[in-house]
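What follows is a single structure, written as structure tokens, with notes after it.
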Amino acid sequence: MTKIMPKPGMIRESMNKHRRRFVIIEIVLIVLWIWYLCMCQEYIFTVLGGSTPLDEARFSSEVQTLQVGEPFELHRSDDVTIKDYALRSESYWQGDKYDFSLTLNTAEKTPVYFTNVTTGTGDDSEGEDVSANIYMADVGGKNVLVMAYPHQELKAGDTVEGIFTEIPLIVAHSIASCSSFDADDEICKYMLDLRGIEMESENFDILFVSVLLAIILLLAVKLVFQFKSFLCTPTFSQLEKYGDPLEVEKMIESELGGAIREKNRIITKNWILSEDTFKLKIVKNHMKHGSFKYTPEAY
């Protein structure tokens, strides 16, 4: 426990320090927001701007075809689910675009379908309800498998929107086992998924960017008011419950000359001051019934 000799205007000095800390936090949040926006701008602009028309000639020249192949067995360790999201590393992109709109030149429904258990859209209790059908369509002169919901009855000339993903193992297995396909039939490496799946974490990215922007704007408004009037700062606004903040400030400053510092607190006869995250916390050194909350030996 030691006596201290605070500098004149200690409350104002502390207020300015916390206000500068507020500004630094605001700058850090802005930098973080800009960095995150740059990292996921393709996802955000795609969701906000919608799908992009597919360049079919480019698609045809860039995408490889695979043979259906002979029927094969699946092993216990194989992943037989169909993801309800797409991975960037397993999807077809044209520049920074991945969600495409296109017109199907042909569209023929195959005997292959999948249940809600396989696609990951339900559980065993829902039984064997069909949750996805497989079509064969002509896109840019290539045979492309198309996965669609049961209510999406596709036909030639339909305009659709979706993401091209690598053919899942369970789909490749079903196609190879289907009598409608020959082993040497050529199909596109990518499957067009029309189920409205998202690309990785695009929905979370938009939510995060939006929430962070809201926080930045809120803090900016608070900073404007704090710099417009120091009475709006947390340090001074807390003094209103004790009367006129300026008069309370004078009373506190008048007692600081003989104040005592104990750990992170400054204690006077009538006040207790302690550093908080965004303000100098100031409370009365009195209980409701009139006794001291803390009485230093000096008093």
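How far apart, in nm, are two points set 7 Å out from the Cα along the Cα-to-Cβ line at Y242 and at I25?
2.3
Probe radius 1.4 Å, ligands and nucleic acids left out: which of W271, W35 has the largest accessible area, and how do the rest follow?
So, going from the largest accessible area down, we get W35, W271.
Considering the options I215, G196, C178, tell which one lies farthest towards the positive end of the dipole of the chain, charges being +1 on Lys and Arg and -1 on Asp and Glu at the Cβ, about the Cα centre.
I215
In terms of solvent-accessible area of protein heavy atoms at a 1.4 angstrom probe, what is the ranking of S77, S174, highest value first?
Descending accessible area places them as S77, S174.
Please identify every one of the GluC sites (Glu not before Pro) in region 148-183 that sits in a loop by DSSP and has no more than 14 other beta carbons within 10 Å of its own beta carbon.
E153
Which entries in the list K17/K281; K241/K279; K97/K189; K83/K109; K222/K269; K109/K189 go over 23 Å, if you measure between the two C-alpha atoms of each?
Those over the limit are K222/K269.
So which helices of the chain fit the span-like rule, where a helix is a whole DSSP H run, its Cα atoms reach 30 Å or more along the axis, and its mean Kyte-Doolittle is at least -0.5?
10-39, 202-228
With every protein chain left in place, what is the accessible area per residue of the chain in square angstrom, probe 1.4 Å?
Heavy-atom accessible area per residue stands at 56 Å².
Could you tell me the accessible area of C232 in Å² (1.4 Å probe, neighbours in place), rounded to the nearest ten?
Per-residue accessible area (C232): approximately 70 Å².
Just by accessible area at a 1.4 angstrom probe, what is the order of L213, L280 from largest to smallest?
Reading off the accessible areas and sorting them downward yields L213, L280.
The values are calculated or read from the model by the stated rules, or taken from the named source; none is laboratory data. Please read all numbers here as calculations on a predicted model, not as lab measurements. All Cβ positions, glycine included, derive from the backbone under ideal geometry; neighbour counts span all protein chains shown. Note: areas computed on protein heavy atoms with side chains; ligands, DNA, RNA excluded. Shrake-Rupley method; radii C 1.70, N 1.55, O 1.52, S 1.80 Å.
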